[in-house]
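The values are calculated or read from the model by the stated rules, or taken from the named source; none is laboratory data. Just so you know, these numbers come straight off a predicted model, no measurement behind them. With ideal geometry, Cβ positions are generated from the backbone for all residues, glycine too; neighbour counts draw on all protein chains shown.
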Amino acid sequence: MHKWNVLKKTAPVFLSLAVAATSMPTTILAADAFGDGTVVETEDVSAEEVSEDDLAEEASTDASVEEVPEDTADVPEEVTEDATSEEDSLFTSEEETAETDTLEAEDVADGGEVQVAGYTYPWTKVADGSAAPTGYNKIGDSNVYYKVDESNTSLFSWRYYYGKTTLSYTDFYKTGSFDSTVYDSVTSATTKKNQLFANADATTPDENGYKINGVKNVSVKVWDKDYVEAKILEAAGELPADGVYAKAAGIVLNESPSDEVAQYKALSSSGTYGNWHIADAAQTKVTDATATLKTSSRRGDYVIKVNETSTKYLRNSKEGDFAVAANVQGVILKTKSGKTVGLRHLQEIWVKPYELAFSKDAGLQGETITEITYIIPEGRYVYSFADGIYVKKQATDAMKEAVTATFENKNTVKVTGLDKFKNPMVSVYYVTGSGKNSKTTYMAEETAVTVGEDGSAAVTFADEKVAQAGKEYTVKVTSDDYADLTTTAVRSESDEWSYMYVGLTWSEYWANEGVYMAGSTEANAETDDRDEHDKGAFDTVTRATVNHGLHRGSFQCTTVIYTTDGKTFPVQSWSADGGTMNLTDGSSVGYKRGVITDAEGSHILKEYDVYGLKYVPVKVNNEDLEAFKAAYGSKIVENGAAMSGGYGEMKLSAYTATATVTENTNGLKTAVLQENGSFAFSARNNAGTESGLQDQALKTADGLVVTVKPADGSYGEFLRVDLTGNYGDLGAHMQAVRWDYYGTGETVLVSYGTKFAADNWMHKINGIQLGLTNSLRCQLPEGTDGTGKWVITVYALGYADTQVTVNAAEENIVKAMANATEEEIASATSAVNAAEALKESDYTAESWAAMQTELGELKDALKKAKPKAPVLNEGIQHLNAAIAALVKAPVPTAVPVQPTATPTPSAEPTVTPTPSVEPTKAPAPEVKPSLTVKKAVLNLKAKKSATIVPVLTGISGKVTYKSSNKKVAAVNSKGKVTAKKTGKAVITVKCGNYKTKVTVYVNEKLKLKKSSAVIKVKGKTSIKATTNITGRITYTSSNKKIATVTSKGVVKGIKKGKATITVKCNGVSKKFKVTVK
C-alpha cells in the first residue's frame, strides 16, 4: 500500500517525467502535494529546463508572470503519515482495490452524477458501517464516495481550473498566509446606492440599509480535485459550512476552465487565498499622473485626488467611457516602505474613482504613497508617483486643544496655538445643505498668516466680507506637516442694540415670515382686469391710473409717482383735500387729476409705484449700525423723529407721530448683517406689548364686523373679506396682512403674505377690504379649492395684531368674471351721467375730491372693450356712496348748510359742466411676446396630479411639455403632471421659440438632524434642518425668556428652564426641545 511518505520521495521523479513526456508548461507548488510548506514552487518551466534536482529548490519565475511569495497558496489540505486508511484510499493501488469488498446495492443510501468540465463523476453515499464501493474514492471524513472516469487520467495530477467567485474584502486583499489583516464589511443606512458598483457584493436593502461584504466576479484558480469533490458534496447535501470545499463550490468555472487567465488568486487546499498572480499583459502602468491629498473631507480623514495627464482611464464625469468606473473591484495603496492598504466600495472608493478616501486609522500616517493600483476583472491600472504622496500626521490632542478661534470684530478672526505648525494657513467658512447639495462659502480661504510670539495670528476677511452675529463658522488650519485641523468660532452679538424704523421692500419684509414665495421678487407680465400688474410675487406694486389708491398708499407705504417727462415724486403724505402732495424731502407740490404742478411747471402722471412699507420697527446690533445706516440712509427714522402719512377722507384720517421703538415694540424685526454686506430681516415679533409711538399705548381693534364677500373678483382677487364697523384708525395704520389656510383641518396648509394696493385696501366709507389675488405669491395647494377655514392677521402700526377667523364656502371663491351685460353697462353710464351733472362749487372740496375719485374709476372701467360685470357693479356702488356723502359748501352768509344725504340732480339748476383738465395719456406699454404659467411651482403627493395652465401673450402655436425626471413626475401632452415618487422634477413648457419652467416637488419633507439639546446659560446650539420644500425655514421660540433663536436656527440659552423651538417651512413644522441648565 502506498503511503504519503513514499509519495513524497517519488513525486518529484514522476513530475519531471510527466513534464518531459508532454513538454507542457505546468504550474506546481510542491507544497501543495506534501502539505508541509517545505518543498519548492515551479511555474511555466519546460522539460528541458528542469532536472530532478531543480524540483528540490525554487524555480525562477517566467518573465511574463509576476509571482508574489504566498507560502501555501495552492497547497492541498495537509495529510500526515499517520493518516487513517480512509485517507489512504484516496490513492489506492490495484492490489488494494482487489482486496476491497464489493459494495452491495442495499448498502447504497443515495447517489447521482456530477458534470464538471466535460467529465461525469458518479457519486454515492455509504451508510455507516458499510464497506467502500469498488473503484470509488472517499471524500475526506464524509460518507460520500465518487468514481473517476478512466479517461480522466488528469484528476489528482495537479490540474487546475479557472473561474470566478465572490470574495470577502479580507480574502480579496490577502497577500499570503501570514497576512492577518481583516477588512470589515461596509454598512450603509441608505437604500439607494447598493447597485452603484457592478462588482460590489452588496446585500438587498431593507429598512436598515444594506451591506457590502466584498467583491464579485473575481478570477480564481482551484485544484480540479478540490473543485470536483466540492460540487459532489454540494449535490449530496454534505457541503461543509467553511473550508476549501465551501469556497470551491462557490466558484463558477470559465467556459474553457483549463485555460489560464491573466489575473487570478489561487485557492489552496487549506481553504485560503494567497496573493495575486498577474501577467504583465494584464497591467497598464501610468507614470505621468499627479495626485493631491486633502486632510479633511466629508468622505474621510484623508482624500487623494488622482489627476491624469496623458491618459483618461479613471471616470471623472458622467459623459464618456472609462476603463475604470463602476466596474472597479478594488484599489490598493502602496507606500515607500512597502506597506499596502486595500480600499472598499462606498467607504473609500467612490463612483468617480479618481477620488479615494481613507481614515486616520488606516496606518498610513507619516507614510509616503508611491503607487495606487486599480483592479478590474480584466486586469489592473497601476499609477506610480515618483515624488510620492506624503500622508500628514494627525495633530496631537494637546495641539488640538491649543488651537482656538474667536472673532475680534465682524471681519477678523484670531487663531491661537499655531506655533507648532509649519507654514500655517487659515480658512474660515460655513457649509449650507448636505450631501450633493452642500455648498461651502469662504470668508477666507487658505490665507497665509504671521504667527506671533504667543502662537496666535489674526485673519482678516477679503472683499469686505463680514460675519453674521450669532452664526457659527468653521476655522481650518492647514500646514506643511500636519493634517488639517478644524475648530469653530461664533461672532457674538453685542449687548447693545439700536432701535428705529426703516423702510423695507415687500420682499425684504416677507422674506423670513414663512409665507408662500417668501422673499421672491419675481414679476408677472400678466395684468388683471384693470390692466394693473398685481400678479407677481413680492415685487413692486405698479399703478397706471390717476384714481385708484393714489392717496391711500401714503398712509403706511413707500410710494413714488413717476411722470411722463421723467420726473420722480416720493410721497410722504397729502393735504386733506388731496390737492397737495407732501414729499419725503419736506417740499410740497400741487396735484389735480393726474397733473402735478411744481416750480418748473406741470407734469403728467405716468404711474405710481408702491415699493413696500415705510415704517417697520427694527433693531440693529451696534456693531453693524454704521453699515446699516450706509445701506438704508434716508429710509431710516430714528427714535424721536417725526412720522406722518395719509390724508383725511371720511373715516380715514392723516396722522403724525414720534418714533419710540424699543425691544417690546410689536412687530419688531432684527436686522442681520450678511456676508456680502447686505442685510436680512428676521420674522417679526408678534407678541410685542408696546406701540413704538411716543405717548401712545398699544391699541387693539374693537367693534369690527367681518364679512366674507360673495364671489366677485372686481379687483382681481379670488377671495375677499371686508372689515367694517369701527375700522377707520386701523385702516389708516394697516401695513400688511397674513392669510393662513387650514382648509378642512386644524393644521396650516400654507401661509400667504400680501401687498397694499394689490391685495389690501381701505375705503373711506366701505371698510377695510382684504383680498387674495390669484398671483405668483398666492397659489392654492394641490387638491384644495380655497374653501374652508382661514385665519387672517392684520399688522398695523401701533396696534396689537388683529386676527379674525373665517370660513369660505364655494360661493365665496371667484371662478371667472363675466362680461357686463348691456343693462349693466347702461346702469354704469347712467351713474356717471348723474355724477357729472353735479356742480363742484356746491360742495366742499374734500367731499367733491372723494366723489371724483370714484367717478374716475367707473369711467375707466367703462372704457374697456369688454367691461367686467363685477367691476362695474362695485364702481356703481362706490360712486353712489360717494355722491350720498357729498357735503354742501357754506352759503355766502357763512351760515352752515347741512349736508344733503342724497343730492337730487334734478333740483339743481341746469349747468354746463366745466371740462376738467385731462392729462395727456401716456402711451400704452408695448406688449412683449411671452410664455408664462399660472403656477410655477407644484407641491404634490405621490400618485396625485395637477395640470399646468400656460399663458400665451402675443404668441400662438402648440404647447409641449417635457419632464426632467419622469421617475419623479411625468407629464402628458396636455400638461397634466402626475407625481410618481419623492424628489424634484422640472417641467419645461415650450411654444415655438418661447419656453418657461415649472418646478415639481413630490412628497415634501422637513427633517431635523436632532430634535433636542441641552445647553448652558449664554450657551448656543444650532438646529440643523433640511427640506425639499419651497420657501424659507423659520424658527420660533415658545419662551424667549428661556431660549431665543435666530432666523438661521442658532439657539441661545437665556436662563434655566425649558423651551420648544418650532421649525417651520411652508406649513410643515417640526419641534426642537431645548433645556437650559
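Quick notes
- In summary, residue 492 fulfils each of the numbered conditions (1) surrounded by 20 or more Cβ atoms within 10 Å (Cβ to Cβ); (2) of a type in the set (Ser, Thr, Tyr); (3) within 24 Å of residue 1063 (Cβ to Cβ); (4) out of contact with any Lys or Arg (no Cβ under 7 Å at 6 or more places or on another chain) with the single exception of condition (1).
- Of all the residues in region 764-780, those that are assigned to a loop (DSSP other than H, G, I, E, B) and either in contact with a helix residue (DSSP H, G or I) (Cβ under 8 Å, 6 or more places away or on another chain) or not aliphatic (A, V, I, L, M) (or both) number 6.
- Any hit, region 781-792, residues being touching a residue at least 40 places away in the same chain (Cβ under 8 Å), outside any loop (DSSP other than H, G, I, E, B) and closer than 24 Å to residue 875 by Cβ: no
- Scanning region 171-228 for residues that are part of a loop (DSSP other than H, G, I, E, B) and either touching a helix residue (DSSP H, G or I) at 6+ places or on another chain (Cβ under 6 Å) or of a type outside the set (Ser, Thr, Tyr) (or both) yields a total of 19.
- Set side by side, the residues 943, 974, 966 differ, and just one is under 26 Å from the mean Cα position of the chain (by Cα), touching a residue at least 24 places away in the same chain (Cβ under 8 Å) and surrounded by fewer than 19 Cβ atoms within 10 Å (Cβ to Cβ), which is 943.
- Residue in region 996-1009 that is closer than 26 Å to residue 473 by Cβ, free of Cβ contacts under 8 Å to residues at least 60 places away in the same chain and loosely packed, with under 14 Cβ neighbours inside 10 Å present: yes
- Residue check for residue 474: in a loop (DSSP other than H, G, I, E, B) and either over 30 Å from the mean Cα position of the chain (by Cα) or closer than 30 Å to residue 351 by Cα (or both): no
- A residue that is over 33 Å from the mean Cα position of the chain (by Cα) and surrounded by 23 or more Cβ atoms within 10 Å (Cβ to Cβ) cannot be found anywhere in region 737-750.
- Residue check, residue 962 assigned to a loop (DSSP other than H, G, I, E, B) and not assigned by TED's automatic domain parsing to the domain that holds residue 1044: no
- Filtering 1026, 1075, 1044, 1060 for residues that are farther than 16 Å from residue 518 by Cβ and at pLDDT below 90 leaves a single hit, 1026.
- Verdict on residue 425 being of a type outside the set (Val, Ile, Thr) and touching a residue at least 60 places away in the same chain (Cβ under 8 Å): no
- Which numbered condition residue 477 misses (of (1) free of Cβ contacts under 8 Å to residues at least 40 places away in the same chain; (2) surrounded by 21 or more Cβ atoms within 10 Å (Cβ to Cβ)): (1)
Residue-by-condition table, conditions (1) in contact with a helix residue (DSSP H, G or I) (Cβ under 8 Å, 6 or more places away or on another chain); (2) under 30 Å from residue 540 (Cβ atoms); (3) at pLDDT 95 or above:
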residue: 446; (1), (2), (3): no, no, no
residue: 460; (1), (2), (3): no, no, no
residue: 463; (1), (2), (3): no, yes, no
residue: 467; (1), (2), (3): no, no, no
residue: 471; (1), (2), (3): no, no, no
residue: 481; (1), (2), (3): no, no, no
residue: 484; (1), (2), (3): no, no, no
residue: 496; (1), (2), (3): yes, no, no
residue: 502; (1), (2), (3): yes, yes, yes
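- For region 477-501, the set of residues classified as among the polar types (S, T, N, Q) and in a strand (DSSP E or B) consists of 478, 486, 487, 488, 498, listed by residue number.
- When region 1010-1024 is limited to residues that are without any contact (Cβ under 8 Å) to a residue 60 or more places away in the chain and either surrounded by 19 or more Cβ atoms within 10 Å (Cβ to Cβ) or in the same structural domain as residue 619 (by TED's automatic domain parsing) (or both), the one that is farthest from residue 752 (Cα to Cα) turns out to be 1021.
- Taken together, 677, 731, 716 contain a single residue that is closer than 21 Å to residue 552 by Cα and within 40 Å of the chain's Cα centre (by Cα), which is 716.
- Exclusive hit being of a type outside the set (A, V, I, L, M, F, W, C) and within 30 Å of residue 761 (Cβ to Cβ), set 645, 640: 645
- Counting only residues that are part of a loop (DSSP other than H, G, I, E, B) and of a type outside the set (Asp, Glu), region 362-408 holds 13 of them.
- Inter-residue pairs, beta-carbon under 9 Å, first in the same structural domain as residue 473 (by TED's automatic domain parsing) and exposed (fewer than 15 other Cβ atoms within 10 Å of the Cβ) and in region 1044-1071, second in a strand (DSSP E or B) and modelled with pLDDT of 95 or more, 6+ apart: none
- Pick from region 793-808, criterion touching a residue at least 24 places away in the same chain (Cβ under 8 Å) and over 30 Å from residue 656 (Cα atoms), ranking: surrounded by the fewest Cβ atoms within 10 Å (Cβ to Cβ): 807
- Within region 409-434, the set of residues being surrounded by fewer than 20 Cβ atoms within 10 Å (Cβ to Cβ), of a type in the set (Ser, Thr, Tyr) and not in a loop (DSSP other than H, G, I, E, B) comprises 412, 429, 430, 432.
- Selection within region 673-692 - assigned to a loop (DSSP other than H, G, I, E, B) and under 26 Å from residue 462 (Cα atoms): 674, 675, 676, 677, 678
- Considering region 575-595, the residues that are small (Gly, Ala, Ser) and not in a loop (DSSP other than H, G, I, E, B) include one that is farthest from residue 613 (Cα to Cα), namely 590.
- Residue check, residue 598 more than 30 Å from residue 498 (Cβ to Cβ), of a type in the set (Asp, Glu) and out of contact with any His (no Cβ under 9 Å at 6 or more places or on another chain): yes
- Criterion (surrounded by fewer than 20 Cβ atoms within 10 Å (Cβ to Cβ) and of a type in the set (Phe, Trp, Tyr)) met by exactly one of 509, 516, 499: 499
- Single condition residue 832 does not satisfy, out of (1) in a helix (DSSP H, G or I); (2) of a type in the set (A, V, I, L, M, F, W, C); (3) buried (at least 20 other Cβ atoms within 10 Å of the Cβ): (3)
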